[in-house]
Ligand SMILES: Cc1ncc(COP(=O)(O)O)c(C=O)c1O
């Protein structure tokens, strides 16, 4: 039996999305910037997808820019905001951001920018008061991850965004893990910028989007300096001929995610909670992250008191079950998960972290079997 419980890493592309992408590659290969019919037809494909992505987050489609994925969208925000300023300023990010935010922020820090890394509690949650206190006269951007990839914790985005709006500071959220799993409405949330990646909700790898609130520029004239200069595609924010087929696939994946969001989230929550109960009697397996509404519906994470996370991932893989670990290997050494360290766990605990992320392919029997295998490995 093969069971995939690593949907936080990537999701299989939906068959309908593959079919559409192949169809678009065959029949809509024109350059969308061309003025002739071939170009016009490709442009129509892109614009339909823009509407579909916008609809998933209840945005004005004018605010959706296609990128190569979450990493590019995140980098575009941090570096694009920074490049508006001739001298270093101040930015605030949470201590539990994905490396696609953390590393560009560090890049700026090494060049004289002040970066505040907001502390989180043991569940991975930022305290709104801490954000309020951290904002300075020269704070130009706040970036807070909507749902943390390793521990599934969902930040109080409305509260955090409102603090930034009151202080007239740009607010970005990396919604890569949240999209398609929880309802996001950018009309009612005080969000200026939001990152999206297709391969986390059954679209293709290498395609994503950045939402820019169209009111952002109108409010105070601020915007992003593009990272790529060239043909001025995507309203000048992202030069480069668009990946028409991948964009079409992203649009369809977004439309299907929107249709199924409520029922699929409910189904995954039930399965996830069932697995949680089945694992509760394994000694020394300690849950991490938040619970209830402050946690992604498809997400479970733990650390084990005695087993290294990577060793456990390999043991599960031998049994045909794919999960992931928060620790990473570089130069032969195991690095503990920086996320768990920030949440107050010890190095030892952070090396032993594991993540199980459910998705469309999972059903009751996968959950029962996974629990059985985990008992066999951890309670031999
Ligand atoms: C929270 C978060 N942000 C950004 C990314 C990067 O997205 P992409 O793989 O599309 O570059 C990921 C991918 O795992 C993620 O989980």
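Read the figures in this text as sums done on the coordinates, not as results from a lab. Predicted model only: the values in this text are computed from it and were never measured. FYI the Cβ positions are ideal-geometry reconstructions off the backbone, even for glycines, and counts take in every protein chain you see.
For the stretch 133-288, how big is Rg over Rh, using alpha carbon atoms and the Kirkwood form of Rh?
Using Cα coordinates only, the ratio equals 1.03.
Give the shape of the stretch 285-380 as rounded, prolate or oblate, defined through the alpha-carbon gyration tensor: a ≥ b ≥ c are the square roots of its eigenvalues, a/c under 1.5 means rounded, and otherwise the shape is prolate if a/b is larger than b/c and oblate if not.
oblate
With r as the distance between the Cβ atoms of residue 187 and residue 159 and R0 = 22 Å, compute the FRET efficiency 1/(1 + (r/R0)^6) and round to 0.05. Provide the component values of the computation, followed by the final result.
Details: r = 17 Å, r/R0 = 0.78.
Given R0 = 22 Å and the Cβ-Cβ separation, E is 0.80.
Tell me, what is the FRET efficiency for residue 121 and residue 365 to the nearest 0.05, using R0 = 35 angstrom and their Cβ-Cβ distance as r?
Computed FRET efficiency for residue 121 and residue 365 comes out at 0.45.
First measure r as the distance between the Cβ atoms of residue 137 and residue 25, then evaluate 1/(1 + (r/R0)^6) with R0 = 30 Å and state the FRET efficiency to the nearest 0.05.
Values: r = 51 Å, r/R0 = 1.70.
According to the calculation, E is roughly 0.05.
If N is the number of residues in the stretch 1-146, what value comes out of its Cα radius of gyration divided by 2.2 N^0.38 Å? Walk me through the intermediate numbers first.
Working: Rg = 20.1 Å, N = 146, 2.2 N^0.38 = 14.6 Å.
So the Cα radius of gyration is 1.37 times the expected 2.2 N^0.38 Å.
Take every DSSP beta bridge with both residues inside the stretch 145-239 and express the antiparallel ones as a percent of the total, to the nearest 5.
65
Kirkwood Rh over Cα pairs of the stretch 211-370 into Stokes-Einstein at 20 °C, 1.002 mPa s: D in µm²/s?
This corresponds to a translational diffusion coefficient of 111 µm²/s.
Taking the stretch 284-327 as the region of interest, what is the percent of Cα-Cα pairs per 5 angstrom bin, listed from the shortest bin to the one with the maximum distance?
Final binned percentages: 5, 21, 25, 25, 16, 8, 1.
So if each residue of separation counts as 0.36 nm, and I subtract the Cα-Cα distance between residue 293 and residue 33, what length gain in nm does that give?
89.2 nm is the gain from fully extending residue 293 to residue 33.
Before rounding to the nearest 500, sum -39500 (n - 2.57) across all DSSP H runs of length at least 4 in the chain and divide by the residue total; then give [θ] at 222 nm in deg cm²/dmol.
Taken over the chain, the calculation gives -12500 deg cm²/dmol.
Compute the projected area of the convex hull of the Cα atoms of the chain, averaged over all viewing directions, and report it in nm² to one decimal place.
19.2
Mind jotting down a quarter of the surface of the convex hull over the alpha carbons of the stretch 145-226, in square nanometres, one decimal?
The number I arrive at for the stretch 145-226 is 6.0 nm².
Restricting the count to DSSP beta bridges whose residues both fall in the stretch 15-255, what percent are antiparallel, rounded to a multiple of 5?
So the antiparallel bridges in the stretch 15-255 amount to around 40 percent.
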